[in-house]
Structures are given as structure tokens and as C-alpha cells.
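Readers should treat all values here as calculations from the given coordinates under stated rules, not as data from a laboratory. Quick caveat: nothing in here was measured; it's all calculated off a predicted structure. Please note: Cβ atoms are built from the backbone with ideal geometry, for glycine as well, and neighbour counts cover all protein chains shown.
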């Protein structure tokens, strides 16, 4: 029988660290009233569980969204909406998906996500965020246009975890590293609650709420680099540094592409020219376009 490290008792030993179980967002987040004459911003935190990792073809089997009201500094006043719904897929679940999510064909039988209800809540959000927006946004856009019309921020990519905490990793690891909490991942609502709790803290370098980092990124543009003319033999090297393939179905020339912050543009151009890309092109990528298909 495999032992779960979280089931082990930790004795009073200065060389050991004790982790606590995440008890859900309501346990930690106490609602407060929005002060008069203060503007409140609505942020919709989103997570999806899907039938596969193919953002073009997968089906959503579980969708969760938590909407929080924050001030200009990113401090949360209260949770205004919390929703989690499931849907039966068109084919039996892959065993890997069953294992990771704990969902079964029997549990999903007859379930249907109410997108009208979700749209009515989501339309009032100023921005959306997900831990991995590059995965969740393209999927959500296939189900609802409301997710196409607002800026998105990504907790994984838009917070400088390495700079602030000297670590990077998945949601579970970052919650353990920064909050000393563990939880069972890969259920949509649990992941979303853990994400909100993760980003609702002051960073140790600038003493700015991590939600403010997301708000800042959702209001600034990036530059999209297209490695036009890159030789075929460097494709694997481009993939290793974060480039993705555009097959030209959008009317543009086929090319590997990557979005970078404006301050990193010159360095990135120099890197891919040094790899053998003779004529990279650039264009502005607005916050509304970021992470979209």
C-alpha cells in the first residue's frame, strides 16, 4: 500500500516542516464591506476539468468560477459568486482523466452545464484569471463568447514566482511553498478556491498583493514575435523556449510565435536571430487577446 506523505505525523523536530490541510476559501477569507466612494473591481477566477489536454477538441466536464470583489490594490472585499457545474461528455472518460479528477461516467450521467447562468455572472467581471490561462481560456471561448471579450491574466505566467519566492511549479506546490497548505487538486472548485487563496497574499519583495500583479498584467500589452523564415531544424529549440506553432489557418504566414513583455523584446529578438531566424516580425498583443486562441 502506497503511503501518502500528508498522512504521516510530524514530530516536534526543527528539521521537519508540518503542512496543514487547506480547509476551503470560506475558512480563510472573511467578507468585509466596500468602503464608500471606493471602486470595486470584479475578477472571475476560472478552472476547467476536461476530457483531454487538446484545447481545440476537448470537452468541459466540470467548470468552476469564483468571482471576487477587490479594491485598486487587489485586496479582496468579498466573494460575490461561486459556481461549479458538471456535464456528461459525448464519450466515456479516459481512465487517466478518471484517476486525476475523481470523476466517473456514472457521476456525470445526465449532467449539463448551464452556460446562460455562467454568462450572467461572467459578463460583469472586469477581468478573468486562471492558474494556466493558456489552457483554460481557449477552451472557455469555445463555449461562451463572454470569455473572448475581457482581459485575462495567468497566475502561472504573470506572477514572477521565481523572483518573488525563488520557486516555480504547479498550483499544489506553490500553495505548499507559500502558505504551508496542501489540498487535493484536479477538481475544478477545489483548484479555484486554492488559486484565490494563493494569490490573496502580499509578495515578499514589493509587499504588493499578488492579485494586483494579475490586475497589472491584465491592463498591459505584450509583443507577439513571429519567427518568420525560421529553418525547420530549429523547431525543437524554439519549442524549448516557449514558442508555439501557427499553422496559418488565421490567414497569416505559418510561423512559430511567442508573446513577450515589451521590456524583454530586444533580448528575445537577439536570441532567435542567433538561433538562425533571419526575419522575425512583431505586433502588439493586447490584454484582451492574450492567451486567446
Handout entry: With 5 Å bins from 0: P(r) over the chain, alpha-carbon pairs, percent
Key = 1, 5, 10, 14, 16, 16, 14, 11, 8, 4, 2, 0, 0
Fill in the blank from the handout: Rounded to the nearest 10 degrees, the helix 265-275 long axis (Cα) sits at an angle to the longest Cα principal axis of the chain of 60
Completion exercise
Full extension between residue 104 and residue 216 adds, at 0.36 nm per residue less the Cα distance, a length in nm of 36.4 nm
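First check a/c for the stretch 15-173, with a ≥ b ≥ c the square roots of the eigenvalues of its C-alpha gyration tensor; if it is under 1.5, answer rounded, and if not, answer prolate when a/b is larger than b/c or oblate otherwise.
oblate
Provide the FRET efficiency to the nearest 0.05 for the residue 247-residue 90 pair, computing r from the beta carbons and using R0 = 30 Å. Could the numbers behind the result be given before it?
Working: r = 25 Å, r/R0 = 0.84.
E(calc), rounded to 0.05, equals 0.75.
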Handout entry: Cα long-axis angle, helix 188-199 against the chain (0 to 90 degrees, to the nearest 10)
Key = 80
Exercise for the section: Compute the whole-percent fraction of alpha carbon pairs in the stretch 57-143 spaced more than 19 Å apart. Expected result: 48
Problem - C-alpha long axis of helix 133-143 to longest principal axis of the chain, angle in ° - result: 90
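Can you give the helix-only mean residue ellipticity at 222 nm for the chain, where every DSSP H stretch with n ≥ 4 adds -39500 (n - 2.57) and the sum goes over all residues, rounded to the nearest 500 deg cm²/dmol? Kindly include the intermediate steps, with their values, before the conclusion.
Details: 11 runs with 85 residues, N = 293.
It comes out at -7500 deg cm²/dmol, rounded to the nearest 500.
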Practice task
Return the whole-Å distance between the Cα centroid of the stretch 79-114 and the Cα centroid of the stretch 17-35.
Solution key: 26
Completion exercise
Ranked by GNM mean-square fluctuation in the chain (Cα springs under 10 Å), the top entry among 64, 130, 91 is 91
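Fully extended, how many nm does the chain gain between residue 53 and residue 148 (0.36 nm per residue separation, minus their Cα-Cα distance)? Mind dumping the intermediate values first?
On the way: separation 95, 0.36 × 95 = 34.20 nm, distance 1.99 nm.
In short, 32.2 nm is gained.
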Practice task
Take the chain, connect every pair of alpha-carbon atoms lying under 10 Å apart with a spring to form a Gaussian network, then pick out the residue of 223, 281, 55 with the largest mean-square fluctuation.
Solution key: 281
Problem - Gain on full stretching of the segment that runs from residue 117 to residue 261 - 0.36 nm per residue minus C-alpha separation - result: 48.3 nm
Handout entry: Packing-based order for 46-52, 257-263, 187-193, using average beta carbon neighbours within 10 Å, highest first
Key = 187-193, 46-52, 257-263
Practice task
Classify the stretch 191-293 as rounded, prolate or oblate from the Cα gyration tensor: take a ≥ b ≥ c as the square roots of its eigenvalues, call it rounded if a/c is under 1.5, otherwise prolate when a/b beats b/c and oblate if not.
Solution key: prolate
